[in-house]
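Beneath this line is the structure, given in structure tokens, with notes to follow.
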Amino acid sequence: MKLKRRTRRRFDDSSASSDIAFLLIIYFIVIAGFNVNKGFLMNLPAKDSTRLILRDDLLRFELNAAGEVIYQNQVRDMSFAAGEIRSAAAANPNTAVILTVDPLSPWQKVVSFVELAQDLKIDSFSFAMKKDDTGGTGS
């Protein structure tokens, strides 16, 4: 008795090729990842590097609760801060900018100041939240 053999279908004739192509596309999309803007790209110093910054090389700014820029105890605008940072960085490339932020300051003002420092290519930039002076005791 002779058995009847089934004929094999070629790979390109079946619908499996489109399924595999679809799965490969999904696979490569997943492993490629997406470039998501996760914040500001700033160069951080290496862990073991030591960099000395003189007190004269520091520019200290403050953002109050209203979002106003304070420099040397006077309220200034953002363009003044930009000019001050630009001239200090031109005079001394080791200029460091320190920003103290009031916790009630609008976040957009903080972001704008950080963008300003990034646009002016300031290598040393630091910001910290202003400590609450209420003492933390509730009544």
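Rule-based calculations on the coordinates, nothing more; no lab input. These numbers were taken from a predicted model, which means no experiment stands behind them. Cβ: placed from backbone, ideal geometry, glycine included. Neighbour counts: every protein chain shown.
At a Förster distance of 30 Å, what's the computed FRET efficiency of residue 29 paired with residue 128, Cβ-Cβ distance as r, to 0.05?
According to the calculation, E is roughly 0.15.
Residue 64: net charge of surrounding residues, Cβ under 9 Å, Lys/Arg +1, Asp/Glu -1, itself excluded?
That sum, taken over residues with Cβ under 9 Å, equals -2.
Residue 64 label point, 7 Å along Cα→Cβ, cut-off 11 Å on backbone N: hits in region 98-125?
Backbone N within reach: none found.
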